[in-house]
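The values are calculated or read from the model by the stated rules, or taken from the named source; none is laboratory data. Only a predicted model underlies this, so the values are computations on that prediction, with no experimental measurement involved. Heads up, the Cβs are rebuilt from the backbone with ideal geometry, glycines too, and the neighbour counts pull from every protein chain shown. For accessibility, only protein heavy atoms count, side chains too; no ligands or nucleic acids. Shrake-Rupley method; radii C 1.70, N 1.55, O 1.52, S 1.80 Å.
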Amino acid sequence: MDRPCDLLIIGGGINGAAIARDAAGRGLSVCLVEQGDIAGATSSASSKMIHGGLRYLEHYEFRLVAEALAEREVMLKIAPHLARPLAIVMPHVKRQRPAWMIRLGLLLYDNLGRLRHDAPRTTLPASSTVDLRRAPFAGLLHAVHGKGFVYSDVIDDDARLTLATARSAAGLGAVIRTRTRCLAAHRDGTCWRIQLEHHGQRSEAAARAVVNAAGPWVSAVLAACLPQRQPPQHGSHRPAVQLIKGSHIVVPRLYAGDHGWLLQNDDHRVVFVLPFEEDYSLIGTTEIKLERSDADTVAALDAPPTASAGEIDYLCRAVGRFFRQAPQPADVVWSYAGLRPLFDDGHGDPAAVTRDYTFLLDAPPDAAPLLSIFGGKLTTHRRLAEAALTRLAPWFPDMGRAWTASQALPGGEFADFTQLLAELRRSYPALPAGLLQQLARRHGSLTAAVLGTTCGPDELGRDFGGGLFEREVAWFVTHEWAQDADDVLWRRSKAGLRMRPAERAAFAAWFAERYPAPGLEAKE
Ligand SMILES: Cc1cc2nc3c(=O)[nH]c(=O)nc-3n(C[C@H](O)[C@H](O)[C@H](O)COP(=O)(O)OP(=O)(O)OC[C@H]3O[C@@H](n4cnc5c(N)ncnc54)[C@H](O)[C@@H]3O)c2cc1C
């Protein structure tokens, strides 16, 4: 067993990665263990919005919305390749909310983020009213939808944001161990001893503090660390997790223009239609509350969730209420689903359960602490990490100060994306402009490091289709912990979307042979 590290983090989703990054930058020794792939669970299954969440205003979540709105500007600054401004258009549905109420809500939305003392300067345009019968919207919606509102949010690549955050943590000295599951943990004086499993091999690690950032598995990990503790009960004062399944579908692009749509559905839920990977539209999400009996069992979590036929139908119909040309289930080229690990505040309505985060700190006197995270949003991960470290500060009095608001993530060290792209075109004139754009969106200022001295497409190695070449795959393996084909096709890139099934199968076979899993390497 190695020497104890300061912090062992269970879970390589956005929250675990953010805490690892922040803590490592403050001088703590950090180890993060992830049972699958980085961002392999909820953090690659979101709507990919960095947003305040307009509808949360209706639930009076002003603190959460203000914090989230300010984070939009932070993400644009520290990850300009992954995050970009997005205008959202909302058709007015008179029978749901009067126009004055929406204007008032948008006024609040425009300004709430500025009210915080530490709010960054606002660069996003303010909201306005629009005529949906005129360009650029004309002809898209049913004639009854004449009036609409436009407001600003930010869209990002959730999986790559998580990877960039984990990479930043690793660059600051954090040890990131993927395909490594925490089986159990117990206290040994002022240390935790944690049992781990990696490809069937068991080992033990020791840490002065443990962070349980296991997302949907938070209760299961809590039970593994504190088996004697009563599981949190619904309605008790102890935090519990409420799992809400959400599915998305991807269809060929439904409209021209780089804006998104927020559609108020008949059931009072909202459905987003968002521009996705240049040629597609992303539609989501559903919200299905899992029963408590399911939520607390690991078994319910072991099979990755998928979008059901009913959910696909629901999303197509929701869009069809507004768009003249409704997408059909047969148009769906990809779908995915995730489980929101929300803090159970006792609400029966999934849409009304708070998206705010809460912590459970288990720290008996003179014993090593365990901090468990309930709830949260992709948007607020950086603030959640700061708050988590504030809770752990008494055990690490020499820890540095908060620093992540102004330091670029790997690849984010540039100011202007158009300029970055122009420089790449000058440096790599023989590479197709579309490919350079894709690479720049994924790798930002690291694109040149990925490409190296490549002169032309034939130096990129094997072409797998979908804009994926051997050279980039090697980068994913050596710099981003990719260990199987899906890690590459659906999280480090979305190349899988543009590849035919036969191309995906050929890539998977090539990858398994070129990069065999530990224990499967060819013997000499
Ligand atoms: C449908 C949907 C849409 C969403 N849309 C948005 C949005 O647009 N904007 C927004 O801000 N938020 C959104 N969210 C919320 C956001 O995605 C989540 O809050 C966030 O991803 C949760 O991150 P996490 O790190 O807590 O959990 P996860 O990403 O699930 O990470 C937890 C990790 O812990 C690992 N783990 C579990 N047990 C163990 C163990 N024993 N050992 C080792 N590792 C373990 C898991 O494998 C997993 O990778 C959405 C969520 C859903 C489901």
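Key figures for this structure:
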item: Glu73 being touching a strand residue (DSSP E or B) at 6+ places or on another chain (Cβ under 9 Å), more than 14 Å from the ligand (Cβ to nearest atom) and either in contact (Cβ under 8 Å) with a residue 24 or more places away in the chain or assigned by TED's automatic domain parsing to the domain that holds Leu196 (or both); result: yes
item: Qualifying residues in segment 187-205 (those that are of a type outside the set (Asp, Glu) and more than 16 Å from the ligand (Cβ to nearest atom)) - the one modelled with the lowest pLDDT; result: Gly189
item: Those residues of segment 27-38 which are more than 6 Å from the ligand (Cβ to nearest atom) and of a type in the set (Gly, Ala, Ser), in sequence order; result: Gly27, Ser29
item: Scan of segment 361-384 for residues that are over 29 Å from Ile78 (Cβ atoms) and in contact with a strand residue (DSSP E or B) (Cβ under 6 Å, 6 or more places away or on another chain), ordered by number; result: Asp362, Ala367, Ala368, Leu370
item: Residue within segment 136-152 that is of a type in the set (D, E, K, R) and either within 17 Å of Arg491 (Cβ to Cβ) or within 15 Å of the ligand (Cβ to nearest atom) (or both) present; result: no
item: Pairs where the first residue, in segment 433-451, is in contact (Cβ under 8 Å) with a residue 12 or more places away in the chain and the second is polar (S, T, N, Q) and in a helix (DSSP H, G or I), C-beta under 6 Å, 6+ apart; result: Leu439/Thr447; Ala440/Thr447
item: From Leu161, Leu112, residue being modelled with pLDDT under 95, farther than 23 Å from Ala318 by Cβ and crowded, with 20+ Cβ neighbours inside 10 Å; result: Leu112
item: Qualifying residue in segment 320-328 (condition: at pLDDT 95 or above, charged (D, E, K, R) and open to solvent by 20 Å² or more (accessible area, probe 1.4 Å)); result: yes
item: Residue that is modelled with pLDDT of 90 or more, part of a loop (DSSP other than H, G, I, E, B) and of a type in the set (Asp, Glu), where the choices are Asp22, Asp37; result: Asp37
item: Single unsatisfied condition, Ala408 versus (1) closer than 22 Å to Cys191 by Cα; (2) surrounded by fewer than 24 Cβ atoms within 10 Å (Cβ to Cβ); result: (1)
item: Close pairs (6 angstrom Cβ cut-off, 6 or more residues apart or separate chains): part of a strand (DSSP E or B) in segment 272-293, more than 15 Å from the ligand (Cβ to nearest atom) and among the basic types (Lys, Arg) anywhere; result: Tyr280/Arg253; Ser281/Arg253
item: Any hit, segment 247-268, residues being open to solvent by 10 Å² or more (accessible area, probe 1.4 Å), modelled with pLDDT under 95 and part of a strand (DSSP E or B); result: no
item: Qualifying positions in segment 206-234 - at pLDDT 95 or above and in a loop (DSSP other than H, G, I, E, B); result: Ala213, Ala214
item: Candidate set: segment 296-314, residues that are under 21 Å from the mean Cα position of the chain (by Cα) and among the hydrophobic types (A, V, I, L, M, F, W, C); chosen: the one modelled with the highest pLDDT; result: Ala307
item: Those residues of segment 88-130 which are over 26 Å from the mean Cα position of the chain (by Cα) and either in a loop (DSSP other than H, G, I, E, B) or among the polar types (S, T, N, Q) (or both), in sequence order; result: His92, Val93, Lys94, Arg95, Gln96, Arg97, Pro98, His117, Ser128, Thr129
item: Residue in segment 76-96 that is open to solvent by less than 20 Å² (accessible area, probe 1.4 Å), within 22 Å of Gly338 (Cα to Cα) and away from the ligand (no atom under 13 Å from the Cβ) present; result: yes
item: Qualifying positions in segment 269-284 - within 11 Å of the ligand (Cβ to nearest atom) and either farther than 26 Å from Leu497 by Cβ or open to solvent by less than 10 Å² (accessible area, probe 1.4 Å) (or both); result: Leu274, Leu282, Gly284
